[in-house]
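S.K.: What follows is a single structure, and I will ask about it in a moment.
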């Protein structure tokens, strides 16, 4: 859970990135506490990967600052990189190496001692379910196993901050659940940033979600908070036998309804009434229908889900 | 230092993981041996001068083939994004990769040991010029490798890296060649001869290791490795 008492692991201040005329990241400000799993959610091309590349010191920002464990990631670049484990989008790996050999190589660059490295590799094989694949060539692995090797690579040095860019892309549903559980387990001690464009992924694992669109944060909060925020408005869907114009005028008069849209097809018409109140006004709507002697085939109440928040915030 | 060793080990092994390496080693050995022994019995002298004199030409094709993969593949597979976010400096990566390619070249050159052995069996060669010649070959090869490495960092296409590598080393080789210096204005001749990749190898081929030639090849290596680092940094300039 978001716990403001625990120390800040990552702080992003006024981050901007321009690629020529394209303003990919616009004045991004956020922080992540130790032991938090932050979901970084946004449609493709929203600037997620660019932000991650800036945090991991792959590219510099145009302006702004990134502090990891209160160290600037430009001034103390090498030191900061030691604290980060990074799985880039699509898990780029050396195809001609074997799995064990690759992890050995990464561990050496991470500066692990030979004995420590041996035990870490075995641990990673266990955790990521790679034991049977130790002597396979990476280029011949399936997408799911490649993703696991990428994860093992990111975790081999037991980093404080784990950055995962679309870690479950290309996995089957069982593997997705496995990876989710793995991330949840890691999130108990470590700090995890989980980038995705798929909402259920993020809402199932993360303690806090940032939704970004076109390089800016458009919403942030726990999954519950974001859902609450959305349920401020709800919709009533009706199908009735009535005259289009009178449905429009009569329904608009019901207290709490802010907008009515009606589409007629023959004798029947379907109406969508948007309510701006949290209270259930289904009864009032039904009374209105009865008072006007309309035949009612359907009356349905839809509250906004997290999905709707995401769609509302990231579309257009 | 540990980082350079890790990169070196990984890159050096990578050469032998691909079958192309063995094809190249074979072709290299067959071609150089053939060209050398063709004239060897006619000249009938127990030395390796003519062997070393063909190497600058062979390297024009051979070295770009050795280096084309090194960065182009990292870019194509996007493994560069991981590599350069690990706690390792750009300089360490470049040096590690360069040393690995130099190690591969040294291994190939070592395999041509059959040539001096044959000569020693047939005649009585002076070992000094031969050892000097081999060291010079490694130096010159290093210069070609540094150029090839830099060119590989400019593209994600290995074929483009190979062709550009051949062209650039060929131009740098030719500017010091009599072919060009004969027609060049006389004031430019000393500079062109100095800059040419091949002209410094003439005395090495005779077995004379001149400090000026050593300085020249080391400067070329340093300059192109520096360009390589700049080309990695260029991702930050967009």
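The values are calculated or read from the model by the stated rules, or taken from the named source; none is laboratory data. Values in this document were obtained by computation on a predicted structure and should not be read as measured data. Don't worry about glycine lacking a Cβ; one is built from the backbone with ideal geometry, like all the others, and counts go over all protein chains shown.
S.K.: Go through region A:159-174 and give me each residue that's in a loop (DSSP other than H, G, I, E, B) and within 20 Å of residue A:53 (Cα to Cα).
M.R.: Here is the first cut: in region A:159-174, the residues in a loop (DSSP other than H, G, I, E, B) are A:159-160, A:166-172.
Once the filter is applied, which keeps residues that are in a loop (DSSP other than H, G, I, E, B) and within 20 Å of residue A:53 (Cα to Cα), region A:159-174 yields A:159, A:160, A:166, A:167, A:168, A:169.
S.K.: Specify the residue that is farthest from residue A:6 (Cα to Cα); the eligible residues are those in region A:70-88 that are touching a helix residue (DSSP H, G or I) at 6+ places or on another chain (Cβ under 8 Å) and surrounded by 18 or more Cβ atoms within 10 Å (Cβ to Cβ).
M.R.: A:88
S.K.: Further question: Going through B:104, B:98 one at a time, which residue ends up being more than 28 Å from residue A:54 (Cα to Cα), away from chain A (no Cβ under 14 Å) and touching a residue at least 40 places away in the same chain (Cβ under 8 Å)? Before you say what the answer is, go through the steps one by one.
M.R.: Working: B:98 fails: more than 28 Å from residue A:54 (Cα to Cα).
Criteria check complete, one pass: B:104.
S.K.: Residues that are modelled with pLDDT of 90 or more, within 14 Å of chain B (Cβ to nearest Cβ) and on the phi > 0 side of the Ramachandran plot: does region A:56-68 have at least one?
M.R.: yes
S.K.: Is it true that some residue in region B:204-220 is assigned to a helix (DSSP H, G or I), within 25 Å of residue B:49 (Cβ to Cβ) and modelled with pLDDT under 85?
M.R.: Looking only at region B:204-220, we keep the residues that are assigned to a helix (DSSP H, G or I), and these are B:204-205, B:211-220.
If we keep only those that are within 25 Å of residue B:49 (Cβ to Cβ) as well, we get B:204-205, B:211-218, B:220.
Restricting the remaining residues to those that are modelled with pLDDT under 85 gives B:204-205.
Checking region B:204-220: at least one residue is assigned to a helix (DSSP H, G or I), within 25 Å of residue B:49 (Cβ to Cβ) and modelled with pLDDT under 85.
S.K.: I've got another one for you. Would region A:71-78 turn up any residue that is more than 9 Å from chain B (Cβ to nearest Cβ) and touching a strand residue (DSSP E or B) at 6+ places or on another chain (Cβ under 7 Å)?
M.R.: Of the residues in region A:71-78, the ones more than 9 Å from chain B (Cβ to nearest Cβ) are A:71-76.
Filter again for touching a strand residue (DSSP E or B) at 6+ places or on another chain (Cβ under 7 Å), leaving A:72-73.
Looking through region A:71-78, at least one residue is more than 9 Å from chain B (Cβ to nearest Cβ) and touching a strand residue (DSSP E or B) at 6+ places or on another chain (Cβ under 7 Å).
S.K.: If you don't mind, another one. Which pairs turn up if I take residues in region B:1-23 that are at the interface with chain A (Cβ under 8 Å from one of its Cβ atoms) and look for partners that are part of a helix (DSSP H, G or I) with beta carbon separation below 6 Å, at least 6 apart in sequence or on another chain?
M.R.: Listed by first residue and then by second, the contacts come to B:3/A:109; B:3/B:92; B:6/A:108; B:6/A:109; B:7/B:93; B:7/B:96; B:10/A:105.
S.K.: Going through region B:180-201 one residue at a time, which ones are closer than 17 Å to residue B:130 by Cβ and surrounded by fewer than 15 Cβ atoms within 10 Å (Cβ to Cβ)? Give the derivation first.
M.R.: First, pick out the residues of region B:180-201 that are closer than 17 Å to residue B:130 by Cβ: B:201.
Correct list: empty.
S.K.: Would you mention how many residues in region A:90-107 are on the phi < 0 side of the Ramachandran plot, buried (at least 18 other Cβ atoms within 10 Å of the Cβ) and assigned to a loop (DSSP other than H, G, I, E, B)?
M.R.: 4
S.K.: Based on this model, can you work out whether residue A:93 counts as closer than 30 Å to residue A:66 by Cα and more than 9 Å from chain B (Cβ to nearest Cβ)? So that I can check it myself, show each step before the final result.
M.R.: Details: closer than 30 Å to residue A:66 by Cα: yes; more than 9 Å from chain B (Cβ to nearest Cβ): no.
Spelling it out, it is not the case that residue A:93 is closer than 30 Å to residue A:66 by Cα and more than 9 Å from chain B (Cβ to nearest Cβ).
S.K.: Another one. Does residue A:130 satisfy the condition of being facing another protein chain (nearest Cβ under 10 Å) and crowded, with 19+ Cβ neighbours inside 10 Å?
M.R.: Values: facing another protein chain (nearest Cβ under 10 Å): no; crowded, with 19+ Cβ neighbours inside 10 Å: yes.
Against the criterion (facing another protein chain (nearest Cβ under 10 Å) and crowded, with 19+ Cβ neighbours inside 10 Å), residue A:130 does not qualify.
S.K.: So, in region B:74-83, how many residues would count as being surrounded by fewer than 21 Cβ atoms within 10 Å (Cβ to Cβ) and either more than 15 Å from residue B:228 (Cβ to Cβ) or at the interface with chain A (Cβ under 7 Å from one of its Cβ atoms) (or both)?
M.R.: 4
S.K.: Something else about it: Going by what's in this entry, would residue B:110 be described as away from chain A (no Cβ under 14 Å), under 20 Å from residue B:134 (Cα atoms) and out of contact with any helix residue (DSSP H, G or I) (no Cβ under 8 Å at 6 or more places or on another chain)?
M.R.: Numbers: away from chain A (no Cβ under 14 Å): yes; under 20 Å from residue B:134 (Cα atoms): yes; out of contact with any helix residue (DSSP H, G or I) (no Cβ under 8 Å at 6 or more places or on another chain): yes.
Against the criterion (away from chain A (no Cβ under 14 Å), under 20 Å from residue B:134 (Cα atoms) and out of contact with any helix residue (DSSP H, G or I) (no Cβ under 8 Å at 6 or more places or on another chain)), residue B:110 qualifies.
S.K.: Something else now. Being without any contact (Cβ under 8 Å) to a residue 24 or more places away in the chain and not in a helix (DSSP H, G or I) is the filter here; which residues of region A:123-154 pass it?
M.R.: Result: A:142, single match.
Residue-by-condition table, conditions (1) touching a residue at least 12 places away in the same chain (Cβ under 8 Å); (2) assigned to a helix (DSSP H, G or I); (3) within 14 Å of chain A (Cβ to nearest Cβ); (4) in contact with a helix residue (DSSP H, G or I) (Cβ under 7 Å, 6 or more places away or on another chain):
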position: B:38; (1), (2), (3), (4): no, yes, no, no
position: B:47; (1), (2), (3), (4): yes, no, no, yes
position: B:53; (1), (2), (3), (4): yes, yes, no, yes
position: B:64; (1), (2), (3), (4): yes, yes, no, yes
position: B:67; (1), (2), (3), (4): yes, yes, no, yes
position: B:86; (1), (2), (3), (4): no, no, yes, yes
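S.K.: Follow-up. If we keep just the residues of region A:181-196 that are under 25 Å from residue A:50 (Cβ atoms) and at pLDDT 85 or above, which is surrounded by the fewest Cβ atoms within 10 Å (Cβ to Cβ)? Before the answer, list the steps.
M.R.: Just the residues of region A:181-196 that are under 25 Å from residue A:50 (Cβ atoms), to begin with: A:183, A:186-187, A:190-196.
Filter once more, keeping what is at pLDDT 85 or above: A:183, A:190-196.
Numbers: A:183: 22, A:190: 20, A:191: 27, A:192: 25, A:193: 26, A:194: 24, A:195: 26, A:196: 23.
My answer is A:190.
S.K.: Next question, about the same structure. Is at least one residue of region A:5-21 more than 10 Å from chain B (Cβ to nearest Cβ), buried (at least 16 other Cβ atoms within 10 Å of the Cβ) and without any contact (Cβ under 8 Å) to a residue 40 or more places away in the chain?
M.R.: No: region A:5-21 contains no residue that is more than 10 Å from chain B (Cβ to nearest Cβ), buried (at least 16 other Cβ atoms within 10 Å of the Cβ) and without any contact (Cβ under 8 Å) to a residue 40 or more places away in the chain.
S.K.: Please determine whether any residue of region A:112-119 is within 11 Å of chain B (Cβ to nearest Cβ), buried (at least 21 other Cβ atoms within 10 Å of the Cβ), in contact (Cβ under 8 Å) with a residue 12 or more places away in the chain and under 16 Å from residue B:6 (Cβ atoms).
M.R.: Within region A:112-119, not a single residue is within 11 Å of chain B (Cβ to nearest Cβ), buried (at least 21 other Cβ atoms within 10 Å of the Cβ), in contact (Cβ under 8 Å) with a residue 12 or more places away in the chain and under 16 Å from residue B:6 (Cβ atoms).
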